[in-house]
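A.B. asks: Quick one: this structure, given as structure tokens, is what I'll be asking you about.
Every number here is computed from the coordinates shown, using simple stated rules; none is lab data. What you see is a predicted model, and the numbers here were worked out from it, not measured in a lab. Glycine also receives a Cβ, built like all others from the backbone with ideal geometry; neighbour counts cover every protein chain displayed.
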Amino acid sequence: MHIQQSVILINELEPDYILPQHRDTMTETEQNRYWTHGYSREVRLMLSKTLKERYHILGMGKNLKFA
């Protein structure tokens, strides 16, 4: 999914936790940028404040601890 479709889906579902995946797993180059760039930060910018707080971009091998 690209940016706008991702934002539409997140707004529709209003999930408690948003964890973008399939990002930062390939080395990005000029030739492959479109399909290797995950756009996770661009999606986050387009969300409401409430959904931004639920949006977590985790580093490789990191996890989210639930209360």
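A.B. asks: Would you calculate a helix-derived [θ] at 222 nm for the chain, using -39,500 (n - 2.57) for each DSSP H run of n ≥ 4 and dividing by the full residue count, to the nearest 500?
C.D. replies: Working: 4 runs with 27 residues, N = 67.
The helix-only estimate for the chain comes to -10000 deg cm²/dmol at 222 nm.
A.B. asks: Shifting gears a bit: Only Lys, Arg, Asp and Glu count, each charged at its Cβ (+1, +1, -1, -1), so figure out the dipole size of the chain about its Cα centre, rounded to 20 debye.
C.D. replies: Here the chain has a charge dipole of around 220 debye.
A.B. asks: So what J values fall out for region 46-60 if you push phi through Karplus, 6.51 cos²θ - 1.76 cosθ + 1.60 with θ = phi - 60°, rounded to Hz, Gly and Pro as x?
C.D. replies: 8, 8, 5, 4, 4, 6, 4, 5, 8, 8, 10, 9, 8, x, 4
A.B. asks: What residues have an amide H closer than 5 Å to that of ILE18, excluding those fewer than 5 places away on the same chain, when H is modeled at 1.01 Å from N in the peptide plane?
C.D. replies: TYR55, HIS56
A.B. asks: Right, here's the next one. Order 31-43, 55-67 from most to least packed using the mean count of other Cβ atoms within 10 Å. Kindly include the intermediate steps, with their values, before the conclusion.
C.D. replies: On the way: 31-43: 13.7, 55-67: 9.1.
So the peptides 31-43, 55-67, ranked by packing, come out 31-43, 55-67.
A.B. asks: Need the list of aspartates and glutamates near LYS62 for cross-linking: C-alpha distance under 19 angstrom, and skip anything on the same chain fewer than eight residues off.
C.D. replies: Hits, sequence-local ones excluded: ASP16, ASP24, GLU53.
A.B. asks: Which angle between 0 and 90 degrees, to the nearest 10, do you get for helix 3-13 versus the longest principal axis of the chain when only C-alpha atoms count?
C.D. replies: Here the helix axis deviates by roughly 20 degrees.
A.B. asks: Got a sec to turn the phi values of region 31-43 into Karplus ³J(HN,Hα) couplings, 6.51 cos²θ - 1.76 cosθ + 1.60 with θ = phi - 60°, whole Hz, x for Gly and Pro?
C.D. replies: Those phi angles translate into 6, 10, 3, 4, 9, 9, 7, x, 6, 5, 6, 5, 5 Hz.
A.B. asks: Here's something else I'd like to know. In Å and on Cα atoms, what radius of gyration and Dmax does the chain show?
C.D. replies: 12.7, 42
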